[in-house]
Amino acid sequence: MEIEVKTLDGASAGSITISDEIFGLEVRPDLLQRVVRWQLSKRQAGTHKAKIRSEVLRTGKKMYKQKGTGRARHGDQSAPQFRGGGKAFGPLPRSHAHDLPKKVRALGLKHALSAKAKALSLIVVDEATSGEAKTKALKDRLAKLGLANVLVVGGAEVDVNFARAAQNLPYVDVLPVQGINVYDILRRDTLVLTREAVQSLEERFK
């Protein structure tokens, strides 16, 4: 598959051939869902905690005598049905992470890239660099390409000025090629790859 290469100013910079095995697959939404769920589950803190009955600091004395009152039989006040009592089956600290085979993760990334290519939401640029770390200047350059909600994936190292200029743009994410992932690709309308990023991805999936 051949795709036009542009500069950040909107000019043409030739063309590049991208692999159909990475960017031309028939998209499977079930794979994308599995990988996104795996990503989001892994990053959950899992620090939620509620006190159970044995952890509540209340008196252990029996509320009233067992018989003769005409009321229900109760023990101490830390039971879950009482105000201030412990939580029945409350949340406890745990890890939400679950396993996902490496082959499924790699295939999910290919399908995410293919989804952007199929939707014509993939742009390849010559390079993602900026002469100065000015947000307004970068915003104007992206506007020439019609980009407002975008993920920009650079090479092994992201240009410092470009990354700093993009920090204050609310719907612009910048990642090195090693950090590319399914969730960040799908959450933005457009995916922008540099020439170096395309070459790195093709070498990675050889």
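The values are calculated or read from the model by the stated rules, or taken from the named source; none is laboratory data. What you are looking at is a predicted structure, and each value in this text was computed from that prediction instead of being measured. Neighbour counts are summed over all protein chains in view; Cβ atoms, including those assigned to glycine, are modelled from backbone coordinates with ideal geometry.
Side notes on the structure shown:
- Some residue of the range 93-108 being part of a loop (DSSP other than H, G, I, E, B), farther than 30 Å from D20 by Cα, free of Cβ contacts under 8 Å to residues at least 12 places away in the same chain and not acidic (D, E): no
- Residue satisfying condition, being surrounded by 12 or more Cβ atoms within 10 Å (Cβ to Cβ), touching a Ser or Thr at 6+ places or on another chain (Cβ under 9 Å) and either modelled with pLDDT of 95 or more or not assigned by TED's automatic domain parsing to the domain that holds L142 (or both), within set A79, A13, A97: A97
- Any hit, the range 134-157, residues being among the acidic types (D, E), in contact with an Asp or Glu (Cβ under 8 Å, 6 or more places away or on another chain) and either part of a helix (DSSP H, G or I) or touching a residue at least 12 places away in the same chain (Cβ under 8 Å) (or both): no
- Filtered by the rule that a residue be within 20 Å of the chain's Cα centre (by Cα) and surrounded by fewer than 18 Cβ atoms within 10 Å (Cβ to Cβ), the range 145-155 gives A148, N149.
- Only a single item in (1) touching a strand residue (DSSP E or B) at 6+ places or on another chain (Cβ under 9 Å); (2) not assigned by TED's automatic domain parsing to the domain that holds T7 is not met by G154, and it is number (2).
- Scanning the range 181-198 for residues that are hydrophobic (A, V, I, L, M, F, W, C) and buried (at least 21 other Cβ atoms within 10 Å of the Cβ) returns V182, I185, L191, V192, L193, A197, V198.
- Options E26, E4; residue that is part of a strand (DSSP E or B), out of contact with any Gly (no Cβ under 7 Å at 6 or more places or on another chain) and either among the β-branched types (V, I, T) or under 30 Å from L145 (Cα atoms) (or both): E4
- Of the residues examined, K139 is not one that is closer than 21 Å to D173 by Cα, in the same structural domain as N168 (by TED's automatic domain parsing), at pLDDT below 95 and in contact with a helix residue (DSSP H, G or I) (Cβ under 7 Å, 6 or more places away or on another chain).
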